Amino acid sequence: MSDTQQINDVISLERVGEIALICIDNPPVNASAQPVREGLIAAVEAANADDAVKVLAIYAAGRTFVAGADIREFGKPPLTPSLPDTINTIEASAKPVISAPHGTALGGGLEICMGTHARVGVKGLRVGLPEINLGLLPGAGGTQRGPRLMGMKNTLDMSLTGKMVPGETAADWGLIDRIDEGEPRDVALKAAQDVLDGTLKTRVTSELPVEVDQEALDDARAMVAKKMPFLASAPKVIEAVERSTGDVKEGMAFERECFMDLLQNAASTRGMIHAFFSERAVAKVPEAGATPREIKKIGVIGGGTMGSGIATSALNSGLDVRMIEISDEALQRGISTVTKNLEGAVKRGKSTQEKMEAALARFTPTTNMDDLGDVDLVIEAVFEDMDVKKDIFTNLDRICKEGAILASNTSYLDVNEIASVTKRPEDVIGLHFFSPAHIMRLLEVVVANKTAPEVVATGFALAKKMKKIGVRAGVCDGFIGNRILAYYGKTAGYLMEDGASPEQIDTALENFGFAMGPFKVGDLAGLDIGWANRKRMAPNRPNEERYVRIHDKICEEGMYGRKTGKGFYIYDEGDIRPNPEALKIIDDERAAKGITPKDFSDQDIVDRYMTAMISEAARVVEEGIALRPIDVDAVFLFGYGFPRFRGGPLKYADEIGAKEIVRRIEEYAKDDSYYWKVPAILARMAEDGTTFEDLNKEG
Ligand code: T1G
């Protein structure tokens, strides 16, 4: 016999004999929002007050148990009851309380489970403490109860990597008691029955002892110092876990104090939370309501680095791929690159031999473009030359079936012009991948004037299928990322010519958080690529624009970077050091222009570099090339190695404020009024106090 009481909209209490089943139903991921917390307390109190009830069991409806605190509550005044108080109420229950987590029990969700007296996972369960990915630490007892259930080392690993582990692994550690098959409600009922039968032992987590694991603590501190120097939360995780050997109430209080301080005061936390939401916000585009076309079979034209990377990514996502090259020799190179990419993933443990073989079985390399007659979508990834692309799209228009989507992977050329040679401009779109295309998550979905809404929606559906982050971009030279890069990249050249060395500039920006400074990036990509681009742009370069010839002079000496063993740096069997020949070219160029080298501080370098990036990013938003500031942030976070803890260039701009950015531009403009101009949007924001976050909310 059972009867169900609706405690509130998201919590129900069902009595089945001597068992009280508490169900959480707060879609989409059962985030522990305020109603969940309040309802859980009410349900636990009601079950304790009911003499007929001997044991309580908490489970969730929908696709997952609680996936964490409700991140949407962050940055707002805290709502009571807090999650720690909710969990402490559960743990203090006079009657045993078990939990039956399923799906992804993460963060606060896993902490709820830790506060129950036993945990039976549903098969397929994954658990984690991903708060570090939000610039936080577990803030509802995870650093105190975790060591009591799974030891300090596992708690530290889980909290510092933010990675999920299978329920079975958690069971091996003692965090989960066992894994059962079945629906969450049935697993919860069975587990509760086992408590009554005495076959499932319960215990109060906070009363369990903690063993000090000094080696784990020391290893964690060394790893954090080396790999996570920018995250304020990482040392706090370690300190909180270290304190778990003391009085549990003091440990909980310390953890909560750190959590609230990070949430309210740490820029790195604000940046990480923004980055989390940016990944999801960019999917909200005007065309989201259109129905995507079904994509099962695609063509990729070009087996070079990009074409092979795109083909690899498409194969990994389960698609059939026809790769076209102009000759058997070129095709063989493409096949070899795709095969190496797939083998690399197996070696790195990111894939399996079976998956690789299945992917290769769906791979059809050919030199005959007529083989594209039945594909659903084609991605052209050939040389960045408009005439070559027009020729290809003219042929595709003739060969491809009606309704097939014709996409270009161009990184800056005009997609409207490409579409103009076809009879189906509504089916033409830009799909700009980032190298290496089978690894980088960003995909700029470039919408031309006549691109149909369902073609845009298909571009986003393809991005999701390929596990990429699609960002909508309008048509201009370089779309979002490369246009902004082309602008702020000049600042690095100006700083170098004016007195800073490439190494100082790289180091200053790496200390800011970039994985690699611009001169190292240039050497890595190949200085000849930028050289070719500058030659292409030379006829249109305005005379007023200050032009730095240093990069060209280095290329003229055949020094293209890593691929030639030297560029700005010398690459000598793992040893990387500044290239004296490059430094001499810099000195000669300064002398030729009569420049007396200035002393720049690292902060000057960061300020100029970031102010340039922000100002061009603001113009990209103002012109509608990007839908919102957060779209620009996503482009730089997922395509350009922008430090995640800073949230993206325009999130970082909000940390500085529009007034200060305008002041800097006006100061810099005294030396170069052509390059340094205040974008109208920034002037307005400086005037009226709005932020880019305000514009995100409007967008
Ligand atoms: N809070 C609020 N909304 C969330 C959310 C959360 N924690 N997690 C996901 N969503 C929304 C998301 O924005 C999207 O909404 C929808 O759910 C589907 O998400 C005290 C403080 C669970 C693995 O960090 O990793 O607990 O855009 O598209 O790909 O110690 O969501 O559709 O409107 O990502 O299937 C810790 C974050 C929080 C987990 C599912 N937990 N979420 O992935 O779906 S901090 C996390 C995820 C914490 C405590 C601390 C993933 C997922 P919309 P989705 P998915």
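Couple of notes before you dig in:
- Dipole moment magnitude, nearest 20 debye, the chain about Cα centre, only Lys, Arg, Asp, Glu C-beta charged: 680 debye
- Using distinct alpha-carbon pairs, which all enter the 1/r mean, Kirkwood radius of the range 542-581 in Å: 11.1 Å
- Sparsely packed chymotrypsin sites (Phe, Trp or Tyr not before Pro) within the range 372-476, loop by DSSP, other Cβ within 10 Å at most 14: F383
- Net charge over other residues, Cβ less than 12 angstrom from the Cβ of F479 (K, R count +1; D, E count -1): -3
- Kirkwood-Stokes translational diffusion coefficient of the chain, alpha-carbon pairs, 37 °C, 0.692 mPa s, µm²/s: 117 µm²/s
- Accessible area, probe 1.4 Å, largest first, for residues M496, M440, M537: M537, M440, M496
- Using C-alpha pairs under 8 Å with a sequence gap of at least 6, the mean separation divided by the residue count of the chain gives a relative contact order of 9 percent.
- Accessible surface area normalised per residue over the chain is 42 Å², counting heavy atoms of protein chains with a 1.4 Å rolling probe.
- Under the combined filter of DSSP loop state and at most 14 neighbouring Cβ atoms within 10 Å, the range 431-508 retains these trypsin sites (Lys or Arg not before Pro): K467.
- Listed residue (V66, Q264, V10) projecting farthest to the positive dipole end of the range 2-265, Cβ model: Q264
- Nearest-10 value in Å² for the accessible area of D186, using the 1.4 Å probe: 80 Å²
- A dipole drawn for the range 346-479 from +1 and -1 charges on Cβ atoms has a positive end, and of G470, T451, G349 the residue lying farthest that way is G349.
- Other-chain or far-sequence residues with amide H under 5 Å of A20's (modelled H): K54, V55, L56, A57
- Using Cβ point charges alone (K and R +1, D and E -1), the dipole size of the range 2-265 about the Cα centre works out to roughly 520 debye.
- The trypsin sites (Lys or Arg not before Pro) found in the range 342-392 that occupy coil by DSSP, while having at most 14 further C-beta atoms within 10 Å, are R348, K350.
- Ranked packing of 225-234, 198-207, 268-277, most packed first, by mean Cβ within 10 Å: 268-277, 225-234, 198-207
- Helix axis angle, 580-592 relative to the chain longest principal axis, alpha carbon, degrees: 60 degrees
- Folded to 0 to 90 degrees: helix 658-669 orientation relative to the chain principal axis, Cα: 20 degrees
- Given their separation in residues at 0.36 nm each and the Cα-Cα distance between them, T596 and S673 gain 25.7 nm when the chain is fully extended.
- Share of carbon and sulfur in the accessible heavy-atom surface of the chain [1.4 Å probe, %]: 52 percent
- Radius of gyration, Dmax [the range 1-82; alpha carbons; angstrom]: 13.3, 45
- Residue (of A525, A232, G115) at the positive-pole extreme of the chain, dipole from beta-carbon charges: A525
- For the range 467-550, the Cα-based Rg and Dmax, in that order, read 14.4, 44 Å.
- Reciprocal mean inverse distance between Cα atoms of the range 2-265 - Kirkwood radius, Å: 18.1 Å
- Under the Debye formula (equal points on every Cα, no solvent term), log10 I(q)/I(0) of the range 288-476 at q = 0.14, 0.16, 0.17, 0.19 Å⁻¹: -0.69, -0.92, -1.04, -1.32
- The chain: angle of helix 602-622 to the longest principal axis, Cα-based, in degrees nearest 10: 90 degrees
The values are calculated or read from the model by the stated rules, or taken from the named source; none is laboratory data. Computed from a predicted model, the values in this text were never measured in an experiment. Backbone-built Cβ (ideal geometry, glycine too); neighbour counts: all protein chains shown. Side chains included, ligands, DNA and RNA excluded: accessible areas come from the protein's heavy atoms. Shrake-Rupley method; radii C 1.70, N 1.55, O 1.52, S 1.80 Å.
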